[in-house]
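Before any comments, here is the structure.
The values are calculated or read from the model by the stated rules, or taken from the named source; none is laboratory data. Quick caveat: nothing in here was measured; it's all calculated off a predicted structure. Cβ coordinates were reconstructed from backbone atoms using ideal geometry, including for glycine residues, and neighbour counts include every protein chain displayed. Accessible surface is based on the protein model in full, side chains and every heavy atom, while ligands, DNA and RNA are left aside. Shrake-Rupley method; radii C 1.70, N 1.55, O 1.52, S 1.80 Å.
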Amino acid sequence: MFKPLEVLLRRIVEHGDLSLITYNGKTFRFGDGQGPQVTARLMDRKLERQLALDPHLAVGEAYMDGRLIMEQGRIYDLLALVLENAMAHPLPRWAQSLDVARFLTRRLAQFNPASRSRRNVAHHYDIDGSIYDLFLDADRQYSCAYFPDAKTPLEAAQRAKKRHLAAKLALSEGQHVLDIGSGWGGLGIYLAEAAGCFVDGVTLSVEQLKIAEARARRAGLANAVHFRLQDYREVVGPYDRIVSVGMFEHVGVNHYGTYFRKVRELLKDDGVAVIHFIGRSEPPAITNPFIAKYIFPGGYIPALSEVMTAIERSGLVTTDVEVLRLHYAETLRAWRERFVANWEEAARIRDERFCRMWEFYLAGSETAFRYQNLVVFQIQLTRRIEALPLTRDYIMHNEAALAHAEQEGIRVQMPRLAGE
């Protein structure tokens with residue numbers, strides 16, 4: 001085995017039972033032998049050097065290309081074992097040299113004018129949509145669910161997420177809502193059905209737009225919910241409410257100021273916005289290179305400090321910040337298990353290489369939320385500090401009212417805010 005790789009793994013893997021079989025059949029064991037055995041086979045000598053020098057990219061590429069084969073356990077088990085150990089024993093500096101270079105050039109990688117943003121979105125979302133039906137809930141909620149408890153099934157947790165966001169928006173019937181990054185339309189349709197709002201949803205995905213429009217028509221909401229292919233920078237307001245779920249990760253650090261200035265411009269004077277996005281509970285860093293290259297080009301998961309600086313400069317008032325810690329880990333676990341269970345169908349739609357790529361994406365993302373300080377932030381913003389009640393009690397009351405309305409099949413009547 002390439003000596004630096006062996007040194008790296010002996011330094012990191014203190015607990016657990018990891019075996020690596022090299023290209024010439026030799027087996028190296030790491031850890032204290034406790035717990036389930038995880039065994040991977042390296043198919044060529046070159047891979048050993050790549051894993052030592054650029055592990056953040058090489059592991060995913062090797063698994064995707066069939067050069068790293070799991071013989072005991074799945075790729076999730078390998079990542080979980082290594083990353084859990086790495087919480088106490090991080091990579092040495094020589095194994096992070098390429099990541100330093102990526103950090104220094106991250107603004108170039110995240111330069112996302114409208115034309116490039118459209119290409120980036122098409123790369124991920126404008127694929128055969130039946131892939132998403134293999135692992136998402138029926139509403140195609142492709143963002144962090146909200147689990148009231150660990151036993152909540154995915155479908156209920158995704159409904160709870162929509163309910164939680166609607167409660168924070170403090171909606172009133174007849175309000176005009178903008179959904180930035182409206183996906184397949186599930187949230188916009190929910191806000192119209194549950195609270196009687198008029199919703200404009202904007203997306204950069206042609207395939208998502210087609211499905212969202214068809215769903216609005218089937219729901220009888222074509223006059224209340226309108227979706228269009230449009231960059232957020234081109235939207236004209238004003239709006240009573242703005243919501244954005246899972247889109248801010250695609251903005252790029254260069255454009256945070258533009259994004260929040262646009263939100264402020266689009267909000268009415270007494271308006272409320274809620275921005276839901278993945279973030280990191282640590283200083284600024286880089287996008288995982290495998291994710292940047294194969295899954296979400298141009299994307300970036302920001303530190304809260306980067307986001308708050310842009311908000312402060314925009315003139316918006318931060319009225320609430322909530323941190324969802326393990327909710328996305330549980331969401332990704334459900335997606336990963338569903339995808340693996342539907343592996344044969346996914347391979348029929350695409351191929352085995354795609355399946356390995358997607359499994360690595362889901363497994364790597366889940367372990368990042370469990371062991372690498374990723375969380376989800378929900379930031380509530382207004383233009384005026386008095387636009388919302390003095391305490392957060394209204395959120396709980398609104399959620400209860402929405403849950404009751406869903407059960408009864410009626411439209412919710414949320415308490416009106418002062419001045420409305």
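Observations, loosely collected:
- Of all residues in segment 28-54, those satisfying the criterion of being over 22 Å from E84 (Cα atoms) and open to solvent by less than 80 Å² (accessible area, probe 1.4 Å) are D44, L47.
- E399 meets each of the listed conditions (1) of a type in the set (D, E); (2) in contact with a Lys or Arg (Cβ under 7 Å, 6 or more places away or on another chain); (3) surrounded by fewer than 17 Cβ atoms within 10 Å (Cβ to Cβ) apart from (3).
- Test: residue in segment 387-400 that is outside any loop (DSSP other than H, G, I, E, B), touching a Ser or Thr at 6+ places or on another chain (Cβ under 6 Å) and among the aliphatic types (A, V, I, L, M): no
- Every condition in (1) of a type in the set (D, E); (2) in a loop (DSSP other than H, G, I, E, B); (3) under 20 Å from the mean Cα position of the chain (by Cα) is met by E173 except one, and the failing one is (3).
- Test for V100: is it within 30 Å of L5 (Cβ to Cβ) and modelled with pLDDT of 90 or more: no
- Test: I295 is within 23 Å of K168 (Cα to Cα) and either without any contact (Cβ under 8 Å) to a residue 40 or more places away in the chain or within 19 Å of the chain's Cα centre (by Cα) (or both): no
- Test: residue in segment 26-37 that is within 23 Å of A88 (Cα to Cα) and in contact with a Phe, Trp or Tyr (Cβ under 9 Å, 6 or more places away or on another chain): no
- Selected residue (criterion: most open to solvent (accessible area, probe 1.4 Å)) from residues of segment 140-190 that are among the basic types (K, R) and farther than 19 Å from G129 by Cβ: K151
- Selection count where residues are in a loop (DSSP other than H, G, I, E, B) and hydrophobic (A, V, I, L, M, F, W, C), scope segment 285-333: 6
- Considered as a group, the residues in segment 201-248 that are out of contact with any Gly (no Cβ under 8 Å at 6 or more places or on another chain) and part of a strand (DSSP E or B) include one that is most open to solvent (accessible area, probe 1.4 Å), and that residue is L229.
- Which listed residue, of L136, L165, L187, L191, is modelled with pLDDT of 95 or more and not in a helix (DSSP H, G or I): L136
- Leading residue by the ranking (modelled with the highest pLDDT) among those in segment 145-159 that are of a type in the set (G, A, S) and over 17 Å from the mean Cα position of the chain (by Cα): A156
- Cβ pairs under 6 Å, 6+ apart, first in segment 316-345 and under 12 Å from Y146 (Cα atoms) and free of Cβ contacts under 8 Å to residues at least 60 places away in the same chain, second open to solvent by 50 Å² or more (accessible area, probe 1.4 Å) and in a helix (DSSP H, G or I): A329/R370
- The residue list V317, V321 contains one member that is among the hydrophobic types (A, V, I, L, M, F, W, C), surrounded by fewer than 15 Cβ atoms within 10 Å (Cβ to Cβ) and more than 25 Å from A80 (Cβ to Cβ), which is V321.
- Considering residues of segment 74-92 that are open to solvent by 30 Å² or more (accessible area, probe 1.4 Å) and in a loop (DSSP other than H, G, I, E, B) only, the residue nearest to A40 (Cα to Cα): R74
- Meets criteria (open to solvent by less than 50 Å² (accessible area, probe 1.4 Å), of a type outside the set (G, A, S) and closer than 22 Å to Y146 by Cβ) for I295: no
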